[in-house]
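Notes to accompany the following structure.
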Amino acid sequence: MDVEILSRLQFAGTIMFHYLFPPLSIGLGLQLFLCELAYFRTRNPAWEAAARFWTRVFAVNFAMGVATGIVMEFEFGTNWAAYSRFVGDVFGSALAAEGIFAFFLESGFLAVLVFGWDRVGPRMHLFSTLMVFLGSMFSAVWIVIANSWQQTPAGYHIVWQDVQGELIPRAEVTSFWGMVFNPSSVDRLTHTLIGAFVLGAFFVASVCSYYLLKNKHQEVAKRCLSIALPTAMAFTLLAAITGHDSAKKLVETQPAKLAAMEAHFHTSDEPTGLTLFGWPDAESETIHFGVTVPYLLSLMVYNDPTKPVPAMDQIPEDERPPVWLPFQTFHLMVGLGTMMIGVAALACLFWYRGIYGQSRWLMWAIVFMPVAAMTANQAGWITAEVGRQPWIVYPSVQDGVEMMGLRTADGLSESVTAEQVLSSIILFGIIYSMLFAVWVFVLNNKIQHGPESAEELTEYKRNLESDSMSKNFARSGKLLGGDMMDEGTR
Amino acid sequence: MSYDLLTFIWFVLLGALLVGYAILDGFDLGVGILHPFIAKDDRERRLVMNSIGPLWDGNEVWLVTFGGALFAAFPVAYATVFSSFYLAFFLLLTCLIGRAVSLEFRSKVHSAAWRKVWDIGFFLSSFTAAFLLGVAGGNIMSGMELGPKYVYEGGLLSQVYWYPLLVGCLTVSLFALHGAIYLYLKTEHELQARVRRAISPLFYTFALLYVFVSLATWWHVPHATENIASYPVLWIVPALNALAVLNIPRAMHLGKPGYAFFTSSMVIAALATLFSVAIYPNFMLSTIDLSYSVTLENARSSVGTLQTMLIIAVIGIPCVLSYTVIIYWIFRGKVTLDKNSY
């Protein structure tokens, strides 16, 4: 296999694995903050038990996000050196801003969030939780801006640089805010963040429903569900709205991607229908077993059922993305999203009628919803990234001047060989498989162990207080932490 | 502000990020290297790990931000250095992942075997990361087989020879010493006494390697001393460095471990500064043809981006420093174990 395919496989594999964790951190961060806010206002120990429990889950997940995230930053340079030289002036600033504004904030206050429960007051702790949550959002902001710039570049021009006698192009920023607010960044950012909030809400709802099903930790579970279910409802709806906005703009910015997502091969004067599902075949430019609703795509894109939508045949042949994969992942995402709206609405309805705890089938459905949310997040990104091929940076028009793009094939590291990439894929394949197994195992452990009850927590805090009063910190460390069978269960 | 001045400022800022990373994550890695030798039972191992528990993650961010800033300010240097060190950096990533998950997962399960595995992982990843950072630094110092158009032409094996390996040993011994002084500050009783006994041999190992590397650099990397020779005022850096090295045992002997820790931090800062002075104005010197080298001038971003980035840095750095201070203040004092510990 060649370096391009291997490098793409490696990037896809490592970014998808990484993307299991940050959305959960962002989504769970919101739920955690809301739980702690409820504790701060009511001082009810059950809320504190909930917040402490979600902190433990959050910490495991956050560590995985950190561990797998640094890989991404290195890979731009190791595998995509030509790309890095082309976009460094633009992409680098967003990445550096992410480091300075987001990573320091979240990793600093994470220490207080995780280790500070018995060291700082509730106000400082709540503040730290908020900072961690905001930090994780900021990091999404900068990285999605950078990615959106590659999809719909703006605020830049191409400069030809003399490199040892040969002219080599690179993108240079002309307007920082133009780069930041490029045509797709706001839509894509809100959609991405909302996808994360959906995942977080369903994750909390899932664990809590599981506790209700098993008759465990009832009090904490019910409290958390009263936050998780309404937020799941709200954010699934918002996901549909922002997703629709995002897709609609593609006809202007990335018509090839839209055509691939909808497997829309032939332009005609007739109104364009929407294919609900099917098996697109790019060779013969047809959709097998397709079910199409007439007028619908025209209506969705233009708010006008009669206006035809341009198809793949408008795109030069060497600039067409693959069709099958973006079509299927896009439809998977939309299908799962619709299902999640339904399930969340039903769960909310049952919750407010007070019959949620009796409908075991619904609770079991909620238990599995995080898988749906996570799959939808991944599928959305596959659509976005495969649908923009063969470009790693899209060509664009700035102030009437055509700007060249960068093809994925031209972005590789010249000095890296296929053997090197293959060996790093194997190395990381092994490491990530093991990590995944350990993560599932430890997460399951945490969930099975569950939160303390309000009484246990009050007792623990009372002990802590009397210990500190007798100024026996060294011994209290031994008492509380010495016994291996008793401790280390954070 | 002129383009050249901006470029120089960014070179200095990158140096500052590197110094910050080496000082802060240096003691994390050092603690990891010492972990199996210092701690005798499970409680002590947990104490050692928790001494850096709340801090290591924020410390690693200095490296992440260094990478991001290098990408933004000198994209060509970022692209060339990272693709040249392909396998070395993937090993480094493996180590950083290994360190993170060893800390996070070790104490989550009550099984001696489970904990043993992560203890080994913690040691190996810390040790290897420190070593690889030194090896990469040594290679950068002495120059690499960089061909035309910034394409690295050497193989993996051309990065593995005596000089970088020696520098790798130096970083391991330096971080181990730095980590030991840190542990001395954070521990008590028997564990602390054991740490104290380790400091002297660690210091002599480091001092010996420090002399070796200095001589080796003088002999093997002639261009390293040229910058100092052309700006004689820079002699103050190696001079202070040598004094700082000698001050470590003195401070420990005087019973001022905080002062010793400050001094070992200064040794790291001075070594990182010497490294920056030595390579200036190149990021990667080509041993094939000098004109193929990656320099400040051919690697830098546009003047607009350097300006924007400077504004970002001016806003960001005070924030970063203030919450770093807050976090270190909250977790000051001797390490104790509670329900929230690793």
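The values are calculated or read from the model by the stated rules, or taken from the named source; none is laboratory data. A quick note: this is a predicted structure, and the numbers were derived from the prediction, not measured. Every residue, glycine among them, receives a Cβ derived from its backbone with ideal geometry; neighbour counts consider all protein chains shown. Accessible surface areas use protein heavy atoms only, side chains included; no ligands, DNA or RNA. Shrake-Rupley method; radii C 1.70, N 1.55, O 1.52, S 1.80 Å.
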Amide H neighbours of B:Met284 at under 5 Å, excluding residues fewer than 5 places away on the same chain, with H built from the backbone geometry, are B:Val294
Any idea what angle helix A:104-115 forms with the longest principal axis of chain A, computed on alpha-carbon atoms, 0 to 90 degrees, nearest 10?
30 degrees
Which pairs, out of A:Lys216/B:Lys334; A:Lys461/B:Lys334; A:Lys222/A:Lys249; B:Lys40/B:Lys108; A:Lys216/B:Lys40; A:Lys257/A:Lys446, put more than 31 Å between their alpha-carbon atoms?
A:Lys216/B:Lys334; A:Lys222/A:Lys249; A:Lys216/B:Lys40; A:Lys257/A:Lys446
Obtain the radius of gyration and the Kirkwood radius of the range A:358-450 from its C-alpha atoms and give Rg over Rh.
1.18
Considering the options B:Ser83, A:Pro390, A:Gln161, tell which one lies farthest towards the positive end of the dipole of the protein assembly as shown, charges being +1 on Lys and Arg and -1 on Asp and Glu at the Cβ, about the Cα centre.
B:Ser83
For the range A:19-49 and the range B:310-326, write down the distance between their C-alpha centroids in whole Å.
27 Å
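For A:Trp160 and B:Phe262, what does the FRET efficiency come to when R0 = 30 Å and r is the distance between their Cβ atoms, rounded to the nearest 0.05?
Working: r = 50 Å, r/R0 = 1.66.
Here the calculated transfer efficiency is 0.05.
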Given the candidates B:Ala224, B:Gly154, A:Leu258, the one whose Cα lies deepest towards the positive end of the charge dipole of the protein assembly as shown, counting +1 at each Lys or Arg C-beta and -1 at each Asp or Glu C-beta, is B:Ala224
Spin-label model distance (nm) - B:Ser2 vs A:Ser175, 7 Å beyond Cα toward Cβ
3.1 nm
Pop the C-beta distance of B:Asp289 and A:Tyr295 into the FRET formula with R0 = 56 Å and round what comes out to the nearest 0.05.
0.30
Where does helix A:369-386 land angle-wise versus the long Cα axis of chain A, in degrees 0 to 90, nearest 10?
30 degrees
Provide the per-residue ³J(HN,Hα) series for the range A:222-235, in order, calculated from phi with Karplus coefficients 6.51, -1.76, 1.60 and θ = phi - 60°, each as a whole number of Hz, with x at glycine and proline positions.
5, 4, 5, 4, 5, 8, 5, 5, x, 5, 4, 4, 4, 6
Summing -39500 (n - 2.57) over every DSSP H run of at least 4 in the protein assembly as shown, dividing by its residue total and rounding to the nearest 500, the 222 nm mean residue ellipticity is -24500 deg cm²/dmol
Spin-label point model (7 Å from Cα, Cβ direction): what's the B:Lys149 to A:Ser359 distance in nm?
6.3 nm
With θ taken as phi - 60° and the coefficients 6.51, -1.76 and 1.60, list the Karplus ³J(HN,Hα) couplings across the range A:135-141 in order, rounded to whole Hz; mark glycine and proline as x.
x, 5, 5, 4, 5, 5, 3
Cα coordinate range in the protein assembly as shown, projected on the principal axes (Å, largest first):
87, 75, 46
Using a Förster radius of 56 Å, what is the FRET efficiency between B:Arg250 and B:Ala113 based on their Cβ-Cβ separation? Nearest 0.05, please.
0.80
Collect residues whose amide H, placed 1.01 Å from N in the peptide plane, falls under 5 Å from the amide H of A:Trp391; neighbours closer than 5 in sequence don't count.
A:Thr408
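Sorted by packing (mean other beta-carbon atoms within 10 Å per residue), highest first, where do A:176-189, B:213-226 land?
Per-residue Cβ counts within 10 Å, averaged per peptide and sorted highest first, yield A:176-189, B:213-226.
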Quick one: angle between helix B:303-330 and the longest Cα principal axis of chain B, in degrees between 0 and 90, rounded to 10, please.
10 degrees
Cross-link partners among aspartates and glutamates for B:Lys149, C-alpha distance below 17 Å, same-chain residues fewer than 8 apart left out?
A:Asp162, A:Glu166, A:Asp410, A:Glu414, B:Asp289, B:Glu297
DSSP loop (so not H, G, I, E, B), at most 11 other Cβ within 10 Å: list which trypsin sites (Lys or Arg not before Pro) in the range B:271-342 pass both filters.
B:Arg332
Extended-chain gain in nm, criterion 0.36 nm per residue less alpha-carbon gap, A:Glu283 and A:Cys348:
18.8 nm
Let's see if you can work this out: charge +1 on each Lys and Arg Cβ, -1 on each Asp and Glu Cβ, no other charges. What is the dipole magnitude of chain B about its Cα centre, in debye to the nearest 20?
1180 debye
Trypsin sites (Lys or Arg not before Pro) within the range B:15-71: which are DSSP loop residues with at most 15 other Cβ atoms inside 10 Å?
B:Lys40
Mean-position separation - Cα centroids, the range A:379-395 and the range A:200-247, in angstrom
30 Å
Calculate the mean, over all residues of peptide A:108-121, of how many other protein chain Cβ atoms lie within 10 angstrom of the residue's Cβ.
6
With +1 on each Lys and Arg Cβ and -1 on each Asp and Glu Cβ, and nothing else charged, work out how big the dipole of the protein assembly as shown is about its Cα centre, in Debye to the nearest 20.
3760 debye
Considering only DSSP states other than H, G, I, E and B, which trypsin sites (Lys or Arg not before Pro) in the range A:1-93 qualify as loop sites with at most 10 other Cβ atoms within 10 Å?
A:Arg43
Net dipole in debye of the range B:89-177 [+1 Lys, Arg Cβ; -1 Asp, Glu Cβ; about Cα centre; nearest 20]:
380 debye
Pop out the ³J(HN,Hα) list for the range A:32-37 in order, Karplus 6.51 cos²θ - 1.76 cosθ + 1.60 with θ = phi - 60°, rounded to Hz; leave Gly and Pro as x.
4, 4, 5, 4, 5, 4
Rg to Rh quotient for chain B, alpha carbon positions, Kirkwood Rh
0.97
Rounded to the nearest 10 Å², the accessible area of A:Tyr19 at probe 1.4 Å:
40 Å²
Provide the packing ranking of A:155-162, B:280-287, i.e. peptides ordered by the mean count of other C-beta atoms within 10 Å per residue, highest first.
B:280-287, A:155-162
Solvent-accessible surface ranking, highest first, for A:Leu346, B:Leu132 at 1.4 angstrom:
A:Leu346, B:Leu132
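Find, to one decimal place in angstroms, the Kirkwood hydrodynamic radius of the range A:282-367, where the mean of 1/r is taken over every pair of different Cα atoms and then inverted. Could the numbers behind the result be given before it?
Numbers: mean 1/r = 0.0599 Å⁻¹.
The answer is 16.7 Å.
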Give me Rg over Rh for chain A, both radii from the alpha carbons and Rh done the Kirkwood way, two decimal places.
1.01
Can you tell me the equivalent ellipsoid semi-axes for the range B:254-315? Use √(5λ) from the Cα gyration tensor, largest first, whole Å.
33, 22, 5
Amide H of A:Gln161 versus every other amide H placed in the peptide plane: which residues, excluding those fewer than 5 positions away on the same chain, fall under 5 Å?
A:Ile168, A:Arg170
